[in-house]
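Structure first, commentary second.
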Amino acid sequence: MIDCSTLKKIPSREDLVRIMHGCEETGNKVLENLDLSECGVSNMNFDGYEIRNVAFSRYIPTREEKKKLCNLSFVGAGMCNVSFAAAILERCNFDRDAGSGRENVIEEVDFFFSELSVCRFRNAHLKVADFRYSVLNNCSLSGCRVEIGDFYMCAFTGTTTLLGSKFSYCSLSTLVFEHNCLKIENIDHLVQDDYEKYRFMIGKTSGRLHNPCRPKGSGAHRRCLMESNKLETLSALAREGASVYQALSGAYAGKGFNRDSNIAYKRFCDRRMRYHSIEMRRESSWRKRVKHGFDYLKHMGIWSLGYGYQWWKVMTLFLLLALAGGLYLHLHVPEMDAMEAYARSLNNSLGPQESFAEQVGNFISSSTHSALGLLIVGFLGFILANKVRNNS
């Protein structure tokens, strides 16, 4: 994210203190185009500064040890193009300064391959943040807003709190939680839901170019930047988004968050439907198209049955079945009043009615109608029983 070509290397802490003293004397608290990766900055105060294109630490694949940054304060500081990559940050404060009356934005910040311990981001506003391969231990992100963030293979451990936080268009693939986890209301959208935002994120975070296992990177993610591969990328994004919500649904169920688990499962099914829809357009083999078509219909069935928790969808399906039976009966017996036909159909949906079979003149149609109605009522009972059990 930083522009290394314009960085001025600051070799010692004294040089940095001298620069900051000059900024405070002139009343222009701006630090810009500085390389502090070799400079000791622990226990320093950057409150209220504007920090632009500054590297506090940098990721170098051949370097074995990470730089340690302790007790840094950035309360109310605005940031743009700042790197904390491959660093160990302890007791660092990035909180929003509520008393200043202004909203400081931390924009295009790089925490790639870093370890953050007891750090604070309370009510902070992060735009375009790279947390890949990082570990947040006992940190506070309460009230934090993250717009376009990459949390690939990131871990939230210890008592890291996320109360009131909002993650918008973030990549949560293989993100893991030890104790507290992102609730469903904390997730606005996944970045996989928006092709243009995904391309923007990959462009800003350089894709996977500095993966610690493959420093030279892989071209797999860079292919998404090519318009000719758009359909392939959309398919991969739908599948990846589905896997994120599938994992979250399981995590929520394990923690007893049944409502969150249900909603995550719904979002998983929605993205699987999108994936199968795209694959039907992509595949040249009719066999594979048919397979994706059947998988799409399977998820459509799950959708119509309310994903196992939306009772109103199941109730609507039941009433539509009764309406279809009533319409058929009314057309078959024209002299019968429409309301009477619907009432007889509703009765038959709740159990076999001999009079309905006689009027329709087809016992198999009547039995099938009853079987479908009872099946839907069974699903409705299952959902209502779950709601009573979950007190929701």
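Only the coordinates and a few stated rules stand behind these numbers; no lab work does. These numbers were taken from a predicted model, which means no experiment stands behind them. All Cβ positions, even for glycine, are placed from backbone atoms using ideal geometry, and neighbour counts span all protein chains on display.
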**Report entry** C-alpha long axis of helix 13-26 to longest principal axis of the chain, angle in °
**Finding:** 80 degrees
Query - the range 290-343-the range 16-70 distance, computed between alpha-carbon centres (Å) - result: 65 Å
Query raised in the report: Which of the pairs K183/K255; K68/K183; K266/K313; K8/K29 have their Cα atoms more than 20 Å apart in this structure?
Result: K68/K183
Report task. Pop the C-beta distance of E103 and E14 into the FRET formula with R0 = 25 Å and round what comes out to the nearest 0.05. Result -> 0.15
Query raised in the report: How far apart, in nm, are the 7 Å Cα→Cβ label points at A324 and L231?
Result: 3.2 nm
Query raised in the report: Given (1) 1.34; (2) 1.19; (3) 1.73, which label gives Cα Rg over 2.2 N^0.38 Å as computed from the coordinates?
Result: (1)
**Report entry** For G149, distant residues with modelled amide H under 5 Å away
**Finding:** A129, C170, S171
Report task. Report the full-extension gain for the segment H21 to R282: residue separation times 0.36 nm, less the Cα-Cα distance, to one decimal in nm. Result -> 87.9 nm
Requested in this report: Just need the relative contact order of the range 307-389 here, percent rounded to a whole number, with Cα pairs under 8 Å and 6+ apart.
Outcome: 36 percent
Report task. Place +1 on the Cβ of every Lys and Arg and -1 on the Cβ of every Asp and Glu in the range 8-159, take the dipole about the Cα centre, and give the residue among F84, A155, A129 whose Cα lies farthest towards its positive end. Result -> A155
Query raised in the report: Given charges of +1 on the Cβ of Lys and Arg and -1 on the Cβ of Asp and Glu, with all other atoms neutral, how large is the dipole of the chain about its Cα centre, in debye to the nearest 20?
Result: 960 debye
Query raised in the report: At a Förster radius of 30 Å, what calculated FRET efficiency corresponds to the Cβ-Cβ distance of F382 and K255, to the nearest 0.05?
Result: 0.85
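Could you sort the peptides 325-336, 20-31 by per-residue average Cβ neighbour count (10 Å cutoff), highest mean leading?
For the peptides 325-336, 20-31, the packing ranking is 325-336, 20-31.
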Query raised in the report: Where does helix 195-204 land angle-wise versus the long Cα axis of the chain, in degrees 0 to 90, nearest 10?
Result: 20 degrees
Query - P(r) tail fraction, the range 255-392 - alpha-carbon pairs more than 20 Å apart, % - result: 59 percent
Query - Sequence ranges 340-350, 307-317, 104-114, ranked by mean other-Cβ count within 10 angstrom, highest first - result: 104-114, 340-350, 307-317
Query raised in the report: Between M153 and D194, what FRET efficiency comes out of the Förster formula 1/(1 + (r/R0)^6) with R0 = 22 Å and r the beta carbon distance, rounded to 0.05?
Result: 0.55
Report summary line: Dividing the helical contributions, -39500 (n - 2.57) per DSSP H run of n ≥ 4, by the residues of the chain yields a 222 nm value, nearest 500 deg cm²/dmol, of -14000 deg cm²/dmol
Query raised in the report: If the range 325-392 were replaced by its equivalent ellipsoid, with semi-axes equal to the square roots of 5 times the Cα gyration tensor eigenvalues, what would those be, largest first, whole Å?
Result: 30, 13, 7
